[in-house]
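Notes to accompany the following structure.
Only the coordinates and a few stated rules stand behind these numbers; no lab work does. What you are looking at is a predicted structure, and each value in this text was computed from that prediction instead of being measured. FYI the Cβ positions are ideal-geometry reconstructions off the backbone, even for glycines, and counts take in every protein chain you see.
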Amino acid sequence: MWVGQLDFLNDFYSRVSVWAATHEELVESAFEIAMTDGLNAMDALHIAAALQIGADEFVTAENPRKSRLARTTRIPVRLI
């Protein structure tokens, strides 16, 4: 870890206002998203969680040239 990383992460996660519940329904939703939208498992889980909590958009810092997240039309994806 780089200097200050732990403090950064603690601060970042302390600001989370909603956590998605992890259960079989989330995994089933993610599987369906992965199969229909062509996403990998982790990206599909993130999109499924965003949908579960009613997020207005999904923001990611993934490299736009490598990200498949923009393939989904289920939620607006903003690549920063």
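Tabulated results
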{"read-out": "Value of relative contact order over the chain, rounded to a whole percent, pairs C-alpha under 8 Å and six or more apart", "value": "24"}
{"read-out": "Structure-derived Rg and Dmax of the Cα atoms in Å - corresponding label in (1) 13.9, 41; (2) 11.5, 33; (3) 15.9, 44", "value": "(1)"}
{"read-out": "Over the chain: helical MRE at 222 nm, DSSP H runs n ≥ 4 each giving -39500 (n - 2.57), nearest 500", "value": "-14000 deg cm²/dmol"}
{"read-out": "Fully extended contour minus Cα-Cα distance, from Arg74 to Tyr13, at 0.36 nm per residue", "value": "19.4 nm"}
{"read-out": "Sites Asp56 and Gln5 - FRET efficiency at Förster radius 22 Å, r taken between beta-carbons, to 0.05", "value": "0.15"}
{"read-out": "The chain: angle of helix 5-14 to the longest principal axis, Cα-based, in degrees nearest 10", "value": "60"}
